[in-house]
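Peer 1: What follows is a structure written as structure tokens; I'll ask about it next.
The values are calculated or read from the model by the stated rules, or taken from the named source; none is laboratory data. Quantities reported herein were computed from a predicted structural model and do not represent experimental measurements. All Cβ positions, even for glycine, are placed from backbone atoms using ideal geometry, and neighbour counts span all protein chains on display.
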Amino acid sequence: MGKVASHTWCETVRQVLRREGAQPIHCHFMMPATREHIAAALNAPSGCQTIANMLVAKSTLRDGASAWARVQSAREGNETVRVISGIREPVSRSISIITFLADFYGHVDRPLNPRVPMTPEYVIESLRENWRRVLDRQEPRGTFEWLLWYLTGAYRTWFEEELGAAFGIDVLQTEFSREKASQRITTPAADVLIYRVEDMPPTAPGYMTLLAQASSFLGAPVRDVPVVNTSSTRRSREISAAVRQRFSLPEHMLAPIYDDPVIRHFYTADEISTFQARWRD
């Protein structure tokens, strides 16, 4: 799932398993059906094409196709496929998504583009409108707006459409262990470790436990996780920080966001209440 510190985990695996010569595969959408759906939406008629730079989108689809081919090859060779995947509370994640898209995709005529001045107020209102569409399941016509909408709402469907479709895994049928700060699912098809972004900062209560679980999963000690691909290192860092400080949603929108079964699975009622209090109007 995008914007859940996946680059950080790829670099962690690369560093930890360097002696073995292991190279992780990084992708967000691996399943052919998902990639075909995204490609069809992004290949909209010219009047609906609002993405200024399609290079990253095309690269993401290519990475997914390459990853799927390698998984298929591993299966044919009876190799164990190990997957590290994450979850992040959805409102915080949505702020990362919109600033990332503005930085790397850019909108053709709205001030969501690195070449024009962006303001926190415009980003906030754009994100609020996006959440209204996500909750109403109303697909936008423009491709930039559609991608923002699709990625934001993926927290509800990603585990089913990607992990479930690829490996026959239902994350909701196996308990997320807060004592272990992770969820481990082992099947003949794959060995999967699922983490929460909120447990990754060194100050988080679950940080050391998560490192221990990652060490067990990889069979090598994980002593820390590097800081990779964060908004603090990009041109929009000041905008991102301001949006995080000022963004809010009304209660009638927050309630269905945090009542989704996926969110209820990974977070306690107290944690969800804390999220809602942070983002409530």
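Peer 1: Hey, could you check the stretch 82-116 for residues that are in a loop (DSSP other than H, G, I, E, B) and charged (D, E, K, R) and say which is nearest to A181 (Cα to Cα)?
Peer 2: Here the residue is R88.
Peer 1: Can I ask one more? Please list, ordered by first then second residue, the pairs with beta carbon atoms under 7 Å, 6 or more apart or interchain, first in the stretch 119-147 and farther than 19 Å from T50 by Cα, second crowded, with 20+ Cβ neighbours inside 10 Å and modelled with pLDDT under 95.
Peer 2: Sorted first by the residue in the stretch 119-147, then by its partner, the pairs are P120/I239.
For every residue, the table says whether it meets (1) modelled with pLDDT under 95; (2) over 16 Å from the mean Cα position of the chain (by Cα).
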| position | (1), (2) |
| --- | --- |
| P90 | no, no |
| I97 | no, no |
| P117 | yes, yes |
| E129 | no, yes |
| R137 | no, yes |
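Peer 1: Confirm whether S236 is surrounded by fewer than 18 Cβ atoms within 10 Å (Cβ to Cβ), modelled with pLDDT under 95 and not acidic (D, E).
Peer 2: no
Peer 1: Given the conditions (1) in contact (Cβ under 8 Å) with a residue 60 or more places away in the chain; (2) under 19 Å from the mean Cα position of the chain (by Cα); (3) closer than 20 Å to A242 by Cβ, report the number of the one that V171 does not fulfil.
Peer 2: (3) is the only condition that V171 fails.
Peer 1: Within the stretch 146-159, does at least one residue satisfy the condition of being under 19 Å from the mean Cα position of the chain (by Cα), farther than 27 Å from H252 by Cβ and not in a loop (DSSP other than H, G, I, E, B)?
Peer 2: no
Peer 1: Looking at the stretch 175-187, I want the residues that are of a type in the set (A, V, I, L, M, F, W, C) and have a partner that is assigned to a loop (DSSP other than H, G, I, E, B) with Cβ atoms under 7 Å, at least 6 apart or on another chain. Which pairs are those?
Peer 2: A181/G206; I185/I169; I185/T174
Peer 1: Oh, and also: Scan the stretch 233-271 for residues that are of a type in the set (A, V, I, L, M) and farther than 22 Å from E129 by Cα and jot them down.
Peer 2: V262, A269
Peer 1: Select from the stretch 194-231 the residues that are in contact (Cβ under 8 Å) with a residue 60 or more places away in the chain, over 30 Å from A241 (Cα atoms) and in contact with a strand residue (DSSP E or B) (Cβ under 6 Å, 6 or more places away or on another chain) and list them in ascending order.
Peer 2: The one that is in contact (Cβ under 8 Å) with a residue 60 or more places away in the chain, over 30 Å from A241 (Cα atoms) and in contact with a strand residue (DSSP E or B) (Cβ under 6 Å, 6 or more places away or on another chain): F217.
Peer 1: Residue under question is V134, and the condition is that it be aliphatic (A, V, I, L, M), assigned to a helix (DSSP H, G or I) and out of contact with any strand residue (DSSP E or B) (no Cβ under 9 Å at 6 or more places or on another chain); does it hold?
Peer 2: Taking the combined requirement at face value, the residue satisfies it.
Peer 1: Does Y267 qualify as being within 20 Å of the chain's Cα centre (by Cα), surrounded by fewer than 18 Cβ atoms within 10 Å (Cβ to Cβ) and under 16 Å from F176 (Cα atoms)?
Peer 2: Criteria not met by Y267.
Peer 1: Moving on to the next point. I'm trying to understand the selection: among the residues of the stretch 80-106, which are without any contact (Cβ under 8 Å) to a residue 60 or more places away in the chain and surrounded by fewer than 21 Cβ atoms within 10 Å (Cβ to Cβ)?
Peer 2: Those that are without any contact (Cβ under 8 Å) to a residue 60 or more places away in the chain and surrounded by fewer than 21 Cβ atoms within 10 Å (Cβ to Cβ): F104, G106.
Peer 1: Select, from A65, A39, the only residue that is within 29 Å of A214 (Cβ to Cβ) and either in contact (Cβ under 8 Å) with a residue 12 or more places away in the chain or out of contact with any strand residue (DSSP E or B) (no Cβ under 8 Å at 6 or more places or on another chain) (or both).
Peer 2: A65
Peer 1: Of the residues F159, F144, F167, F176, only one is surrounded by 15 or more Cβ atoms within 10 Å (Cβ to Cβ) and touching a Ser or Thr at 6+ places or on another chain (Cβ under 6 Å); which?
Peer 2: Result: F144 is the single residue among F159, F144, F167, F176 that is surrounded by 15 or more Cβ atoms within 10 Å (Cβ to Cβ) and touching a Ser or Thr at 6+ places or on another chain (Cβ under 6 Å).
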